[in-house]
Amino acid sequence: MPADSGPVFAALADAPRVRDLVSAAAWAARSQVGGVPPGRGAPGASIVDAGRSMGTDAAMTHSWLITGAPGSGRTEVARAFAAALECTDPQRPGCGQCAACQAVLARAHTDVVEIAPEGLSISVETVREEIVGRAETLPTVGSWRVVIVHDADRLSPAAADALLKTVEEPAPRTVLFFCAPSTDPEDFSVTLRSRCRHIYVPPPSVDRIVRILTSEEGASEPDARLAALASLRHIGRARRLVTRPEMQRRRARVLRLAELIGHGDVAFREAGQLFQAIKSETADDFADADAEEKAVLERSLGMGGRGKGVQKSLRGSAGAVRDLEKQQKRRKTRRERDLLDLSLVDLTGLYRDAFLLSCGARLAPTHPDFQGLAQELATSVSPQGLVACLDAIALCRRHITQNVGLSIAVDGMIGRLRLAYGVR
């Protein structure tokens, strides 16, 4: 049967190879029940055998690694794939209209589980409790049990090892999707990677992001195009750039840091203030959600209640609250690191523009609205110095993933930038 792509794959129009691969795999998975809609066929069939029956060896498999640059749409691919697997339309998987498709896309389908790290990494406890346990159960209302693991590059070595048996000997109706920005051995377990079929998702085109921002967010075309370029074609960041003034201000503030490097301790003070602003923004954005989460836990434990025997029943509850507070603190640290890292990516784009100008390269700038500053840097800093600036930012980004204090990492970067500028 031809791989007719359903509407849920419309978001993959810029990546026809990905769309066709996923659509063909969904058809291969369906073939195990003779083309009958999910839930009406033999429950014990193997999806690998299904692929072979299509004449395309391993067209479908149990474990997939979906990679691509941040914002490229890895999550969209995983959800579209899951919707096609659960779809009940007999003519084309991924119809987008049936209750199963809509439930998957709304993240409300009983048999589709999404796991995202809340701390700095995905722990072995999370793998055992939330991934392995669910992957071993049969689907309840749909045809497949689908587990989507976001930011799978954050799997700790022990967590990756705990997943091996599940990946090597999966339940017959389970499909696992690991979404990660890279297949680099330092970022993702080589052992797991070798047991998954790989899908690379290319970044969306600038024109596609412009269409999305103008039609869905009401942005003007110039603003949408600037956001698409400045975000490095990251759809999520581009949305925030046109809808959140505070993000626009933070981006401008980060980029202007480059012109303060040679002004004594001004750059250090500005970097410190910027870091504090990031911490405050992170705390403000999630304060209400964290407070509500804690309140829900306390209510479930009966804290605040009165009556005979209440205090006795509450023994040990304080420990549960402390555990939640520790978890929230880890989440807060991760959010701060992620937000700082995005700011460093913006700064990298500016020095990249300056380096290209110094070399006479005619390529589209990352920050067209800061071309004046990029030209100034290209004139005042040597090409070797600009490369050293890029190295300094890359080193800072690496340090903040290695438990180096964020303020210490940023101060070190400022010092290296000063040396690259020739400032003593």
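Here are the numbers for the structure shown:
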| quantity | calculated |
| --- | --- |
| ³J(HN,Hα), Karplus 6.51/-1.76/1.60, whole Hz, each residue of the stretch 394-406, x for Gly, Pro | 4, 5, 5, 4, 5, 4, 6, 9, 10, 6, 6, x, 4 |
| Built amide H within the under 5 Å cut-off of ARG197, gap 5+ | SER63, TRP64, LEU65 |
| Residue-wise HN-Hα coupling along the stretch 87-94, computed from phi with Karplus coefficients 6.51, -1.76, 1.60 (Hz; x: Gly, Pro) | 4, 9, 6, x, 8, 8, x, x |
| Packing-based ranking, highest mean first, of 192-201, 92-101 given that Cβ atoms within 10 Å are counted | 92-101, 192-201 |
| Within the stretch 127-261: Cβ-based charge dipole about Cα centre, in debye rounded to nearest 20 (Lys, Arg +1; Asp, Glu -1) | 420 |
| For LEU155, residues with placed amide H under 5 Å, excluding near neighbours | ILE122 |
| Neighbour net charge for ILE148 - beta-carbon separation under 10 angstrom, K R +1, D E -1 | +2 |
| Built amide H within the under 5 Å cut-off of ILE115, gap 5+ | ILE148, VAL149, HIS150 |
| Within-15-Å neighbourhood charge of TYR351 [Cβ basis; K, R +1; D, E -1] | +1 |
| HN-Hα J in Hz across the stretch 238-244 - Karplus 6.51, -1.76, 1.60, θ = phi - 60°, x for Gly and Pro | 4, 4, 5, 5, 8, 10, 10 |
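Bear in mind that the values in this text are calculations on the coordinates, not laboratory data. Computed from a predicted model, the values in this text were never measured in an experiment. Heads up, the Cβs are rebuilt from the backbone with ideal geometry, glycines too, and the neighbour counts pull from every protein chain shown.
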